[in-house]
1. Enumerate by residue number the GluC sites (Glu not before Pro) in the chain meeting two conditions: DSSP loop (anything except H, G, I, E, B), and at most 11 other Cβ atoms within 10 Å of the site's Cβ.
2. Report the relative contact order of the chain, percent, no decimals, based on alpha-carbon pairs under 8 angstrom and at least 6 residues apart.
3. Using the Karplus curve 6.51 cos²θ - 1.76 cosθ + 1.60 with θ = phi - 60°, what ³J(HN,Hα) values do you get for each residue of segment 25-42, in whole Hz, with x for Gly and Pro?
Amino acid sequence: MENVWLASALWLGLALLASIISIRVAMSVALVEIIVGTIAGNVVGLTITEWVNFLAASAPLC
């Protein structure tokens, strides 16, 4: 996906969808986000961009 803004909007929309689903089915948000992300990566074809790698690398280790 060439448009970075579209990809980031889709990822944020999927995160919102995952949080709504997790409230409805009373599951952990992290588990539902993993499931939704896996489905989106395989079905929709979303890939991880460089800014996502940057954010993941800049997160402090706990």
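1. Glu2
2. Numbers: 23 pairs, mean separation 17.8, N = 62.
It comes to 29 percent, rounded to a whole number.
3. Ordered by residue, 3J(HN,Hα) equals 9, 6, 10, 5, 5, 4, 5, 5, 5, 5, 5, 5, x, 5, 5, 5, x, 8 Hz.
Where a number appears in this text, it was derived from the coordinates with a stated rule and is not lab data. On a predicted model such as this, the values are computed, not experimentally measured, just so you know. When we count neighbours, we look across all protein chains shown, and the Cβ atoms used for this are built from the backbone with ideal geometry, even at glycine.
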